[in-house]
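Visitor: Supplied in structure tokens, the structure appears directly below.
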Amino acid sequence: MTELIPVNTEEDILPAYRTGPIGDLIRWHNLNAPLRECAAPELLIGMCMDHRNLLRMPRNFAYILRAGGANFRRVEFKVSFAIAIGGVRTMVLIGHSRCGMVHLRERREAFITGLVEGAGWKPDAAAEHFDENAPLFEIDDAADFVAEEAQRLGARYPQIGIGALYYDVDDSLLSQVLLRS
């Protein structure tokens, strides 16, 4: 189980994040620090597509990529673009509580019914769509997944600082996900 470290004071911010853009994001979001002007993006934020996740930060501060479960295995080119063309040198992945991608296979019938009733799909096509894609996107635990994904992306982009956070949809606060070396 991945350890979550809450942030209620400046001293709670991990030393690795304290002086960079991840620490700035935590201060703005959790500690209500005053926003500052940002001329160019300083951070790439990878987070879930979930509508309940809203971050407090200044305009122009970050590129934001959203994918179910903060799973960027299928959109790595966009990560590369933000680094190569956008010039960001720090990335943070943000998982969240009550993520719909956690144990996705348990929702197979609801998914199929939703596509049939809501989008006009044929049941067989909806089932095939789910069965082909769910294994690529399902995660077991959101905090564990962003920790693993941060380590994977850190190996892929070794000069980029990468961190992991966890958003609680009930209190809207960020916690730090302790990454193991």
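Visitor: Test of understanding: what is the full-extension gain from E132 to M49, defined as 0.36 nm times their sequence separation minus their Cα-Cα distance?
Guide: Length gained, E132 through M49: 27.9 nm.
Visitor: Tell me the net charge near E10. Cut-off is 11 Å between Cβ atoms, E10 excluded, with +1 for each Lys or Arg and -1 for each Asp or Glu.
Guide: 0
Visitor: Same structure, new question: Using the Cβ atoms and a cut-off under 9 Å, what net charge is assigned to the surroundings of E42, where Lys and Arg are +1 and Asp and Glu are -1?
Guide: Within the 9 Å Cβ shell, the charges total 0.
Visitor: For the chain, which whole-number percentage of the solvent-accessible area (1.4 Å probe, protein heavy atoms only) is attributable to carbon and sulfur atoms?
Guide: Its accessible area is 53 percent carbon and sulfur atoms.
Visitor: Assigning unit charges at the beta carbon (Lys, Arg +1; Asp, Glu -1) and nothing else, what dipole magnitude in debye, to the nearest 20, does the chain show about its Cα centre?
Guide: 680 debye
Visitor: Accessible area per residue for region 28-181 in Å², computed with a 1.4 Å probe and the full protein assembly in place, what is it?
Guide: With all protein chains present, region 28-181 gives 54 Å² per residue.
Visitor: By average Cβ neighbour count within 10 Å, what is the ranking of 48-56, 144-152, 115-123 from highest down?
Guide: So the order, starting with the most tightly packed, is 144-152, 48-56, 115-123.
Visitor: With each pseudo-label sitting 7 Å past Cα toward Cβ, what's the M1-L31 distance in nm, one decimal?
Guide: Distance between label points: 2.8 nm.
Visitor: Now for a different question. Got a sec? Charge dipole of the chain, +1 on Cβ for Lys and Arg, -1 for Asp and Glu; which of P6, G154, M49 is way out at the positive end?
Guide: It is G154, whose Cα lies furthest towards the positive end.
Visitor: Under a point-charge model restricted to the Cβ atoms of Lys and Arg (+1) and Asp and Glu (-1), what is the dipole moment magnitude of region 56-126 relative to its Cα centre, in debye to the nearest 20?
Guide: In debye, rounded to 20, region 56-126 gives about 340.
Visitor: Can I ask one more? Taking amide H positions as placed in the peptide plane 1.01 Å from N, state which residues far from I162 in sequence (5 or more) or on other chains have amide H under 5 Å from it.
Guide: Excluding prolines and chain starts, which carry no amide H, the hits are M91.
Visitor: Just to be sure I understand the model, the point goes 7 Å from the Cα along the line to the Cβ. What's the resulting H103 to N60 distance in nm?
Guide: 4.6 nm
Visitor: If you plug each phi of region 114-128 into the Karplus form 6.51 cos²θ - 1.76 cosθ + 1.60 with θ = phi - 60°, what whole-Hz ³J(HN,Hα) values come out, in order, with x for Gly and Pro?
Guide: Going residue by residue, I get x, 6, 5, 7, x, 10, x, 6, 7, x, 5, 5, 5, 5, 5 Hz, with x marking Gly and Pro.
Visitor: Let me ask another. Could you work out how much longer the chain between C38 and E10 gets when fully extended? Use 0.36 nm per residue separation minus the Cα distance between them, nm to one decimal.
Guide: Extra length from C38 to E10 when fully extended: 8.0 nm.
Visitor: Angle between the Cα long axis of helix 142-156 and the longest principal axis of the chain, 0 to 90 degrees, nearest 10?
Guide: On a 0 to 90 degree scale, this one is about 70.
Visitor: Mean-square fluctuation check for the chain, GNM, Cα pairs under 10 Å: which of L65, L93, L31 is largest?
Guide: Checking each option, the largest mean-square fluctuation is seen for L31.
The values are calculated or read from the model by the stated rules, or taken from the named source; none is laboratory data. Predicted model, so just to flag it, every value in this text is computed and none were measured. Here the Cβ is made from the backbone with ideal geometry for all residues, glycine too, and neighbour counts use every protein chain on show. We work out accessible area using only protein heavy atoms, side chains counted, and drop any ligands, DNA or RNA first. Shrake-Rupley method; radii C 1.70, N 1.55, O 1.52, S 1.80 Å.
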